[in-house]
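Structure first, then comments.
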Amino acid sequence: MTEVLRVENVRKFFGKFAAVDGVSFTLHEGGIYLLVGPNGCGKTTLVNCISGYFKPEEGRIYYRGVDITDEPMYIRARRGLVRTFQIASPFMALTTLENMLVALPDNAGENIFLSLFRPTWIDSEISAVRRAAELLRVLGLMHVWNKPAKTLSGGELKLLEIGRALMSGGETILLDEPVGSIDPKLCHQIFSHIIKLRDELNITFLVIEHRLEVAAQYADWVFAMDRGKLVCQGRAEEVFEDPRVITSYLGEE
Ligand SMILES: Nc1ncnc2c1ncn2[C@@H]1O[C@H](COP(=O)(O)OP(=O)(O)O)[C@@H](O)[C@H]1O
Ligand SMILES: [Mg+2]
């Protein structure tokens, strides 16, 4: 198994308060990892440290063996480590395919977007459109490729956001609470495509979810946080029976 991300003893303070208090874990290529824990336990702050939005006061973060702790967000994204909302939200007037193309890194997207209005395309443009079509196929969005984003359902928009992260070169995707609502159908729609992306394209996912039951059945491995610390990790059924995890959720909601 290839290691993609290693978090070593990361601490992030707000004033004197350690929102992330010495967290270490490793992600392997092609895994679907779930990060759970009650509201305010530090999940988003930890993901912000991994994406480069925050710099931790202590600890190191490695991506494919390279120490990226001091690298800005856009360099990490270029390496393939991408948090979805880093990618601008879809342009509602553009079609699904156009939204995929403008997510290409640097100016490539803009050039390809303009090529839609030109009679001849160069090879790099053709291969980008092929890549977009391949991703839309895996994401189950082919039937809306030519529809404006504003006509897409909530689930389809979320899948398009993931597609754009992949189009921008993402190989390890950080998703902070991708299923906003409790709707189990929506949850299944998103996670079944996450599994397809892993199976067909070997994409690695770290998914944050506050509600224990929602995404458990889709994850290979679960990390549970409480008050800034990782309290337990393992397969979903083990983690959710762990007394430390149960206690951390008591008194919530
Ligand atoms: N920018 C910030 N400044 C000060 N405190 C923050 C900031 N962001 C988060 N916190 C605090 O850090 C803790 C962890 O927050 P967060 O990472 O958002 O938790 P979670 O995503 O698990 O709900 C909370 O107590 C929160 O109030
Ligand atoms: Mg959060």
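We did not get these values from a lab; they are worked out from the coordinates using the rules stated. Predicted model, so just to flag it, every value in this text is computed and none were measured.
List of remarks:
- Linear extension gain, residue 62 paired with residue 221, 0.36 nm per residue minus alpha-carbon span: 55.3 nm
- Computed over the chain, the percent of Cα pairs more than 22 Å apart is 55.
- Taking amide H positions as modeled 1.01 Å from N, with prolines and chain starts lacking one, the residues under 5 Å from residue 104 and 5 or more places away or on another chain are 109.
- Over the chain: helical MRE at 222 nm, DSSP H runs n ≥ 4 each giving -39500 (n - 2.57), nearest 500: -11000 deg cm²/dmol
- Percent of beta bridges antiparallel (DSSP, the chain, rounded to nearest 5): 60
- Here the relative contact order of the chain, from alpha carbon pairs under 8 Å that lie six or more residues apart, stands at 28 percent.
- Volume per residue that the Cα convex hull of the stretch 124-172 spans, once the total is divided by residue count, Å³: 82
- Dimensions in Å of the stretch 171-210 - Rg and Dmax from alpha carbons: 10.3, 28
- Phi angles across the stretch 230-237 convert, under the Karplus curve 6.51 cos²θ - 1.76 cosθ + 1.60 with θ = phi - 60°, into 3J(HN,Hα) values of 7, 9, 5, 8, x, 6, 3, 5 Hz, Gly and Pro given as x.
- GNM top mover of 165, 18, 216 - the chain, alpha-carbon springs below 10 Å: 18
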